[in-house]
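J.: Dumping the structure here so I can ask a few things about it.
The values are calculated or read from the model by the stated rules, or taken from the named source; none is laboratory data. Since we're looking at a predicted model, the values are computed, not measured. Virtual Cβ from ideal backbone geometry, glycine too; neighbours counted across all protein chains shown. Note: areas computed on protein heavy atoms with side chains; ligands, DNA, RNA excluded. Shrake-Rupley method; radii C 1.70, N 1.55, O 1.52, S 1.80 Å.
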Amino acid sequence: MVIVEHVEHPFGRGALTSDGIQWSAEHTTTTDDYEAVETVAVTPPALGKVLEFEFGLTCAVRSSGASEGVLFKWQARNRGGGWVDLHPEAARAADASAWQEFTMSGRFAPVAGFDAIPFELRLVVRSASAAGETAAARTKNSSYVKVTYSAS
């Protein structure tokens with residue numbers, strides 16, 4: 001059995017910057033439901049049985065005003081399947097009108113619905129209440145995913 005580690009930085013690509021920090025396009029919500037900020041496909045060069053996922057995912061969130069907070073979460077799925085939350089819903093408290101960065105990181109064991117390669121990964125965001133403000137978010141280029149799998 002051959003163990004393979006595949007590392008990818010799939011988020012926040014675009015024009016080069018003088019400080020090396022790149023962000024995805026900003027997504028501003030138009031509904032009170034979760035909306036995808038950026039969705040990427042991770043396709044390692046070989047197929048095999050997934051042993052472990054590791055993530056270091058950074059985003060920035062804000063609200064359009066001072067009275068509402070922002071909710072967000074990172075999700076993944078086997079290509080074309082149902083989305084699996086990688087962590088519980090995270091919140092930025094009210095008065096969230098300036099950008100604030102959050103990094104969710106750690107190892108994640110395969111679970112039903114997210115246990116195969118290739119897979120998809122996304123950030124979703126929504127306003128914390130229905131008071132009329134919007135939420136905005138973007139992903140950062142330093143975000144990474146590492147998948148460890150057995151290949152033959």
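J.: Which of the following residues is surrounded by 18 or more Cβ atoms within 10 Å (Cβ to Cβ), under 22 Å from Trp23 (Cα atoms), of a type outside the set (Gly, Ala, Ser) and touching an Asp or Glu at 6+ places or on another chain (Cβ under 6 Å): Leu71, Leu121? Outline the logic, then answer.
T.: On the way: Leu121 fails: touching an Asp or Glu at 6+ places or on another chain (Cβ under 6 Å).
Selected residue: Leu71, the only one of Leu71, Leu121 that is surrounded by 18 or more Cβ atoms within 10 Å (Cβ to Cβ), under 22 Å from Trp23 (Cα atoms), of a type outside the set (Gly, Ala, Ser) and touching an Asp or Glu at 6+ places or on another chain (Cβ under 6 Å).
J.: Which one is farthest from the chain's Cα centre (by Cα) among residues in the range 22-51 that are open to solvent by less than 60 Å² (accessible area, probe 1.4 Å) and among the charged types (D, E, K, R)?
T.: Taking the candidates together, the pick is Glu35.
J.: Considering each of Ala112, Ala91, Ala96 in turn, give the residue that is farther than 24 Å from His9 by Cβ and surrounded by 18 or more Cβ atoms within 10 Å (Cβ to Cβ).
T.: Every option except Ala96 fails the conditions.
Here is a yes/no grid of residues against (1) among the β-branched types (Val, Ile, Thr); (2) over 13 Å from Val124 (Cα atoms):
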position	(1), (2)
Thr58	yes, no
Ser64	no, yes
Ser67	no, yes
Lys73	no, no
Gly80	no, yes
Val84	yes, no
Pro88	no, no
Ala91	no, no
Ala96	no, yes
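J.: Would you be able to tell me the number of residues in the range 64-96 that are of a type in the set (Ser, Thr, Tyr) and either under 17 Å from the mean Cα position of the chain (by Cα) or under 23 Å from Ser142 (Cα atoms) (or both)?
T.: Of the residues in the range 64-96, 0 are of a type in the set (Ser, Thr, Tyr) and either under 17 Å from the mean Cα position of the chain (by Cα) or under 23 Å from Ser142 (Cα atoms) (or both).
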